[in-house]
């Protein structure tokens, strides 16, 4: 059969966002791929140059709209480094709690999306339903379900609401009982296994070479976690594992994220136990004017290494903001992963790297 | 900051000293900013050699490549951040380029993961990465003109919208005015009223 290029997107029911993946196929087999992005490029980096440091926080919520909290916290960490303030311990702990809850919510959306793409619509509904519990917690914490606008440069907006710890524990109890159910519904399904095991293998060397980070890198067998190797939050206070895979196929990427949900729940429980008393905001004042300088802050986003390079020129607005999106880099490795995959498996493979077009395009 | 001066020499200083000793001509400026952060300014001619040396030293992960447009003095900076999984530290390599014709060697041979970052930097700032295998626009459409993150590309001023007191009347009047002028959205004839 002659080779041909097929556009999967930008309007495609299975692409999880507005982007275009051109695949070169020979019959059913993918030979090459060319991701084309930028369909929802909003110029966030340019907008940041025209906002004050605290005004950027809502923008960051909209950059990575599935993991708003992690992006907003990352911006706050970068700004604090330029500004040179210490965040009070209680605010640090609240950040850890909300960050890990965000990871759980984001991974649950991944579980639902990936299950949907492999045809397990029940898991899709269950995981989306269970994500609601986390969103309810965020609503309790910040008042919003999606764009929280909760962290602030120098701390967080307000303290934990009364009853938050109990509600969180209840939600985690429920979730931890659910994960074996998800595993039973996915890992014991023959269809699921056939469509995941050995599909779209990303070898260790390729993952390292192409700048893949986060769960996708760990699934390929590299034990690397920015939370531990380049800490900007007090993760050394908590006892948790960094799950690492071996094979780097879709199955590993899926099971590894289920395990990460468990580990995040562990961290949240420990943090709720050991949260110190004290203020939740450092003394930074209403108007934030950092001295001229630069900072490069990295955090372990649910999707990998997110980083912000912020440059201050001594005014109340940053001179330049560069956002390093984890999915942006992982997506550039997609052609390597897709080589040899059957065309029908392309949507699950796309989802297996946990796509989020908002942060890819910025 | 005070903590910066109080920091005892660590493995970061060793790496920086090694680099400086190996490339005395290329590295014009270097300092350890804080724990796990090294900054170095490199001459354009030596960038690839320094990058290869860094890869040998274990800096296998290119975290990002980005550009900074400076107006005072007019210059363009291309900054590459490389992270080492083994040593657990980040080196920022800064190259200073002329603003009117910024050209810098591409880092794709050293770190293939830099490919999309350089495409983005070319797209948004117009820095040409020489030797890049596929230097196309990435976020903007292919037929876009100009580089929007440059400082001379202005963002339109935000206009404040003030609700007039007689808001409903104003709206009604503007609709009537539009009807009377014969203008419709699709350029058709005005409907008979």
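The values are calculated or read from the model by the stated rules, or taken from the named source; none is laboratory data. It should be emphasised that the depicted structure is a prediction, and the values quoted were computed from it without experimental measurement. Quick reminder, even Gly has a Cβ in these numbers, built from the backbone with ideal geometry, and neighbours come from all protein chains shown.
Using the structure shown, decide if residue A:337 is touching a helix residue (DSSP H, G or I) at 6+ places or on another chain (Cβ under 7 Å) and either in a loop (DSSP other than H, G, I, E, B) or more than 11 Å from chain B (Cβ to nearest Cβ) (or both).
Answer is yes for this residue.
Among the residues of region B:103-115, are any more than 30 Å from residue B:10 (Cβ to Cβ) and loosely packed, with under 11 Cβ neighbours inside 10 Å?
no
Take region B:148-178 and flag every residue that is modelled with pLDDT under 80 and within 14 Å of chain A (Cβ to nearest Cβ).
Once the filter is applied, which keeps residues that are modelled with pLDDT under 80 and within 14 Å of chain A (Cβ to nearest Cβ), region B:148-178 yields B:153, B:154, B:155, B:156, B:157, B:158, B:159.
Evaluate the following for residue A:41: is it in contact with a helix residue (DSSP H, G or I) (Cβ under 6 Å, 6 or more places away or on another chain), surrounded by fewer than 22 Cβ atoms within 10 Å (Cβ to Cβ), within 14 Å of chain B (Cβ to nearest Cβ) and touching a residue at least 24 places away in the same chain (Cβ under 8 Å)?
When the stated conditions are applied, residue A:41 passes them.
Which one is farthest from the chain's Cα centre (by Cα) among residues in region A:207-247 that are assigned to a helix (DSSP H, G or I), farther than 30 Å from residue A:82 by Cβ and at the interface with chain B (Cβ under 9 Å from one of its Cβ atoms)?
This residue is A:209.
Which of (1) in contact (Cβ under 8 Å) with a residue 40 or more places away in the chain; (2) part of a helix (DSSP H, G or I) is the odd one out, the single condition residue B:116 does not satisfy?
(1)
Can you find a residue in region A:269-291 that is within 14 Å of another protein chain (Cβ to nearest Cβ) and touching a helix residue (DSSP H, G or I) at 6+ places or on another chain (Cβ under 6 Å)?
Looking through region A:269-291, at least one residue is within 14 Å of another protein chain (Cβ to nearest Cβ) and touching a helix residue (DSSP H, G or I) at 6+ places or on another chain (Cβ under 6 Å).
Only residues that are touching a strand residue (DSSP E or B) at 6+ places or on another chain (Cβ under 9 Å) and in a loop (DSSP other than H, G, I, E, B): list them for region B:52-99, please.
Hits for region B:52-99 are B:57, B:58, B:59, B:60, B:74, B:85, B:99.
Residue A:284 - would you say it is part of a loop (DSSP other than H, G, I, E, B) and touching a residue at least 12 places away in the same chain (Cβ under 8 Å)?
Yes.
Limited to region A:301-315, what total is found for residues that are out of contact with any strand residue (DSSP E or B) (no Cβ under 6 Å at 6 or more places or on another chain) and surrounded by fewer than 24 Cβ atoms within 10 Å (Cβ to Cβ)?
Selection size over region A:301-315: 2.
Before we move on, is residue B:79 within 28 Å of residue A:332 (Cβ to Cβ) and within 14 Å of chain A (Cβ to nearest Cβ)?
Working: within 28 Å of residue A:332 (Cβ to Cβ): yes; within 14 Å of chain A (Cβ to nearest Cβ): yes.
Yes: the conditions hold for residue B:79.
Quick one: would you say residue A:67 is in contact with a strand residue (DSSP E or B) (Cβ under 8 Å, 6 or more places away or on another chain) and more than 23 Å from residue A:242 (Cα to Cα)?
no
What number goes with the only condition from (1) part of a strand (DSSP E or B); (2) out of contact with any helix residue (DSSP H, G or I) (no Cβ under 9 Å at 6 or more places or on another chain) that residue B:40 does not pass?
(2)
Here are the criteria: (1) out of contact with any helix residue (DSSP H, G or I) (no Cβ under 7 Å at 6 or more places or on another chain); (2) more than 11 Å from every other protein chain (Cβ to nearest Cβ). Tell me which single one residue A:349 does not satisfy.
(1)
Could you tell me which numbered condition residue A:318 fails, if it satisfies all but one of (1) modelled with pLDDT of 90 or more; (2) more than 14 Å from every other protein chain (Cβ to nearest Cβ); (3) crowded, with 18+ Cβ neighbours inside 10 Å?
(2)
Touching a residue at least 60 places away in the same chain (Cβ under 8 Å) and within 14 Å of chain A (Cβ to nearest Cβ): does that describe residue B:90?
Numbers: touching a residue at least 60 places away in the same chain (Cβ under 8 Å): no; within 14 Å of chain A (Cβ to nearest Cβ): yes.
Taking the combined requirement at face value, the residue does not satisfy it.
Filter region B:119-153 for residues that are part of a helix (DSSP H, G or I) and closer than 26 Å to residue A:336 by Cβ; which is nearest to the chain's Cα centre (by Cα)? Walk me through how you get there before you give the answer.
At the first step, the residues of region B:119-153 found to be part of a helix (DSSP H, G or I) are B:119-125.
With closer than 26 Å to residue A:336 by Cβ added as a condition, the list becomes B:119-124.
Details: B:119: 10, B:120: 8, B:121: 5, B:122: 9, B:123: 9, B:124: 7 Å.
Checking each candidate, the answer is B:121.
If a residue has to be closer than 14 Å to residue B:61 by Cβ and either without any contact (Cβ under 8 Å) to a residue 12 or more places away in the chain or crowded, with 22+ Cβ neighbours inside 10 Å (or both) to count, how many in region B:71-87 make the cut?
4
Looking only at region B:9-28, decide whether some residue is out of contact with any helix residue (DSSP H, G or I) (no Cβ under 6 Å at 6 or more places or on another chain), facing another protein chain (nearest Cβ under 10 Å) and in contact (Cβ under 8 Å) with a residue 12 or more places away in the chain.
No, because not a single residue in region B:9-28 is out of contact with any helix residue (DSSP H, G or I) (no Cβ under 6 Å at 6 or more places or on another chain), facing another protein chain (nearest Cβ under 10 Å) and in contact (Cβ under 8 Å) with a residue 12 or more places away in the chain.
Restricting region A:132-158 to residues that are in a loop (DSSP other than H, G, I, E, B) and surrounded by fewer than 16 Cβ atoms within 10 Å (Cβ to Cβ), which is nearest to the chain's Cα centre (by Cα)?
In this case the residue turns out to be A:146.
Could you go through region A:252-267 and let me know if any residue there is outside any helix (DSSP H, G or I) and modelled with pLDDT of 90 or more. Outline the logic, then answer.
Taking region A:252-267 as the starting set, the residues that turn out to be outside any helix (DSSP H, G or I) are none.
Within region A:252-267, not a single residue is outside any helix (DSSP H, G or I) and modelled with pLDDT of 90 or more.
Out of A:241, A:230, A:206, report the one residue that is within 24 Å of residue A:72 (Cβ to Cβ) and touching a residue at least 12 places away in the same chain (Cβ under 8 Å).
On the way: A:241 fails: within 24 Å of residue A:72 (Cβ to Cβ); A:206 fails: within 24 Å of residue A:72 (Cβ to Cβ).
Of the residues listed, the single one that is within 24 Å of residue A:72 (Cβ to Cβ) and touching a residue at least 12 places away in the same chain (Cβ under 8 Å) is A:230.
Which condition number in (1) more than 9 Å from chain A (Cβ to nearest Cβ); (2) under 20 Å from residue A:210 (Cβ atoms); (3) more than 13 Å from the chain's Cα centre (by Cα) is the one that residue B:115 fails?
Among (1) more than 9 Å from chain A (Cβ to nearest Cβ); (2) under 20 Å from residue A:210 (Cβ atoms); (3) more than 13 Å from the chain's Cα centre (by Cα), residue B:115 violates only (1).
Based on what the data block shows, is residue A:93 closer than 30 Å to residue A:336 by Cα and crowded, with 17+ Cβ neighbours inside 10 Å? Quick ask: steps written out before the conclusion?
On the way: closer than 30 Å to residue A:336 by Cα: no; crowded, with 17+ Cβ neighbours inside 10 Å: yes.
Considered against the rule, which asks whether it is closer than 30 Å to residue A:336 by Cα and crowded, with 17+ Cβ neighbours inside 10 Å, residue A:93 comes out as no.
Given the structure, is residue B:106 within 10 Å of chain A (Cβ to nearest Cβ), in contact (Cβ under 8 Å) with a residue 12 or more places away in the chain and under 23 Å from residue B:19 (Cβ atoms)?
So residue B:106 fails the test.
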